[in-house]
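The values are calculated or read from the model by the stated rules, or taken from the named source; none is laboratory data. Please read all numbers here as calculations on a predicted model, not as lab measurements. Note that we place each Cβ from the backbone using ideal geometry, even for glycine, and neighbour counts take in every protein chain shown.
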Amino acid sequence: MRLHTSRGAEKRHADSGICVGFVIEGVAMGNARDRDTGAHTSHRGGNGSLLQQAALVLTMDPHLGAGGLLGQLEDADVLIVGDHIAAVGVHLAAPSGVTVIDSRGMIVMPGFVDTHDHLWPSLIRGCATDEDLTGWLSRCTFPLRTTPFSEADAYAGVRLSTAGLIETGVTTVVDWSAPFGPPFIRGNVRGLTDAQLRFAFAMFGAASDGADIVALKEAFIDPNPLATLQVATHPAPGFATHVAEATAVAKALGSKLHVHLLEHRSQVAEDPLGLLQAAGALALGRDLYTAHSIHLSDANIATLAGLGASVSHQPLSNMRLASGIMRYPPMQAAGIRIGLGLDGGTNDTTDMFNTMRAAVGLQRATSLDAHTSPTVAEVLRAATLGGAEVLDMEHQIGSLTPGKQADVIVIDTQALNFAPVLRPVAQIVFNGQPQNVTWVFVAGRALKEDGKVTGVDVGQLIQAAQAATDHLTPCLQP
């Protein structure tokens, strides 16, 4: 299959650039690694780190500490050796070569899992803020289908976003990409790779047999232990063929099929679940992965629960676009796995703390019940272990269980927005901000040290992103 623009597509001209049409034929993968936009450099890794005497450790493992959803331990240590959690406990000894990090007064917990995002739209922040989903797509995204979206543009946007994700404590991100052509895809996945985050790349393929997705997988995903592949599609009229082809590719590769489901009220009449069923996608079961899932009926919820499918919740984006409020309590009660997602340009921020607040607050505001789901503990779990579960990665990440990958963050409670400490768990959700995250580890490697994202020149990232935005602006209707 080839996705293409109409030969008569409108060309919009401006002083700073020209929009021209292109045809997506496939993805030729290269190994070019230009590093002129703030690429990562090596930094603290070594033999490991001992996070010593943390005031509170939230393990997210009910078999550790005080049990419950959060597995809390007070005045405890976390030992990282190599790429994994070696031990969690009190008065742990530091093996030879391990760096000791004074964590007194700090909270240590698993890194956040961003289960649905679009990283390139950091380049169009603030676009069409007076529109709903349909208007935003029309003014800010669809015009870019006819844009010469370069590899450098995509790389710049993704590197800016990934630095913001690290800033807020995200250690795993799922990036639903876009069909803007081979150079764009190369820049997108290179940006993810260079960030050294753990990631899943959800690719919207162009080849009917999935050859472009397979090429990307072999070039960028398979060699990277931090990377996994998902297959992206859109269950809507006009995409039936693509949905069927993407379903076949996902099945053949053993990957998740990642779709936006019932995000806008207008999509109810389109019966996207029926379209997915006709394409054979419901047979994927746990490998059917849905984002937004706002306008689900009771029957829809029962269907997803019966399949074992999972849901990613984007409360901030859904508010910004007037899309609606996901039915979190009945979905959770039905046993559906739920994670949280930032959703890129329609969120306009990389802030997992604000996302957790919105997830809690929206349900309370609509139910008039302060005890409704998600509770504080439930939303913290959804942002960590719950996110790992929707990705079927809970045996690798999501908790500080010894043996799992060392994806860990450290939160400073001694800041103007957080102190004084009264109920620290609640304060993570209701007071936390990205600047409270002082350390971020992914597979044992520090990507943020003492409050600063490492290995990037922030000024250079911003400059490159601005150049990319200036390049794309003539094609937008912001």
Screening 406, 415 for residues that are touching a residue at least 40 places away in the same chain (Cβ under 8 Å) and either of a type outside the set (Ser, Thr, Tyr) or in contact with an Asp or Glu (Cβ under 8 Å, 6 or more places away or on another chain) (or both) leaves only 406
Check: So is residue 407 modelled with pLDDT of 95 or more, surrounded by 20 or more Cβ atoms within 10 Å (Cβ to Cβ) and of a type in the set (Asp, Glu) or not?
Finding: yes
Residue check, residue 186 modelled with pLDDT of 95 or more, closer than 27 Å to residue 439 by Cα and of a type outside the set (A, V, I, L, M): no
>> Residue under question is residue 370, and the condition is that it be in the same structural domain as residue 348 (by TED's automatic domain parsing), farther than 27 Å from residue 228 by Cα and of a type outside the set (Phe, Trp, Tyr); does it hold?
In response: yes
Residue set 124, 107, 80; condition closer than 30 Å to residue 474 by Cα, in contact (Cβ under 8 Å) with a residue 24 or more places away in the chain and crowded, with 20+ Cβ neighbours inside 10 Å; output residue 124
Check your understanding: When you look at residue 411, is it within 20 Å of residue 385 (Cβ to Cβ) and within 19 Å of the chain's Cα centre (by Cα), yes or no?
Key -> no
When residue 79 is run through (1) farther than 22 Å from residue 376 by Cβ; (2) modelled with pLDDT under 95; (3) in contact with a Leu (Cβ under 8 Å, 6 or more places away or on another chain), the failure sits at (2)
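Residue by residue, here is whether (1) under 30 Å from residue 405 (Cα atoms); (2) in a helix (DSSP H, G or I) holds:
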site	(1), (2)
217	yes, yes
220	yes, yes
252	yes, yes
259	yes, no
269	no, yes
274	no, yes
286	yes, yes
302	no, yes
Looking across segment 437-478 at residues that are without any contact (Cβ under 8 Å) to a residue 40 or more places away in the chain and in a helix (DSSP H, G or I), the single one that is nearest to residue 136 (Cα to Cα) is 466
Picking from 162, 172, 193, the residue that is among the polar types (S, T, N, Q), surrounded by 20 or more Cβ atoms within 10 Å (Cβ to Cβ), within 19 Å of the chain's Cα centre (by Cα) and not in a helix (DSSP H, G or I) would be 172
Margin query: Taking the conditions exactly as written (surrounded by 23 or more Cβ atoms within 10 Å (Cβ to Cβ), touching a His at 6+ places or on another chain (Cβ under 6 Å) and touching a residue at least 40 places away in the same chain (Cβ under 8 Å)), does residue 328 satisfy them or not?
Written below: no
The lone condition residue 451 fails out of (1) buried (at least 16 other Cβ atoms within 10 Å of the Cβ); (2) over 19 Å from the mean Cα position of the chain (by Cα) is (1)
When segment 304-316 is checked residue by residue, the ones that are assigned to a helix (DSSP H, G or I) and touching an Asp or Glu at 6+ places or on another chain (Cβ under 8 Å) are 316
Just one listed residue, out of 87, 128, 154, is out of contact with any Gly (no Cβ under 9 Å at 6 or more places or on another chain) and farther than 28 Å from residue 337 by Cβ, and it is 87
The residue that is farthest from residue 145 (Cα to Cα), considering only those in segment 222-244 that are assigned to a helix (DSSP H, G or I) and in contact with a helix residue (DSSP H, G or I) (Cβ under 9 Å, 6 or more places away or on another chain), is 244
Note on segment 103-139: residues among the charged types (D, E, K, R) and in contact with a strand residue (DSSP E or B) (Cβ under 6 Å, 6 or more places away or on another chain) are 104, 114, 117
Taking segment 330-355 and keeping residues among the small types (Gly, Ala, Ser) and not in a loop (DSSP other than H, G, I, E, B) leaves 333, 339, 344, 345
Of the listed residues (199, 180), the one being assigned by TED's automatic domain parsing to the domain that holds residue 251 and at pLDDT below 95 is 180
Checked segment 144-159 for anything surrounded by 24 or more Cβ atoms within 10 Å (Cβ to Cβ), more than 14 Å from the chain's Cα centre (by Cα) and at pLDDT 95 or above; matches are 153, 154, 155, 156, 157
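Select from segment 374-401 the residues that are outside any loop (DSSP other than H, G, I, E, B) and closer than 18 Å to residue 117 by Cβ and write down the one among them that is nearest to the chain's Cα centre (by Cα).
It comes out as 387.
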All conditions in (1) surrounded by fewer than 24 Cβ atoms within 10 Å (Cβ to Cβ); (2) under 25 Å from residue 137 (Cα atoms); (3) touching a residue at least 12 places away in the same chain (Cβ under 8 Å) are true of residue 238 except (3)
Pairs returned, first residue in segment 385-398 that is closer than 17 Å to residue 285 by Cβ, second residue that is surrounded by fewer than 20 Cβ atoms within 10 Å (Cβ to Cβ) and not aliphatic (A, V, I, L, M), beta-carbon separation under 7 angstrom, 6 or more apart or interchain, are 392/286
Those residues of segment 177-213 that are over 23 Å from residue 475 (Cα atoms) and among the basic types (Lys, Arg) come to a total of 2
Can you find a residue that is surrounded by fewer than 24 Cβ atoms within 10 Å (Cβ to Cβ) and not assigned by TED's automatic domain parsing to the domain that holds residue 72 anywhere in segment 339-348?
yes
(request) Return yes when residue 313 is in the same structural domain as residue 284 (by TED's automatic domain parsing) and closer than 14 Å to residue 114 by Cβ and no when it is not. (result) yes
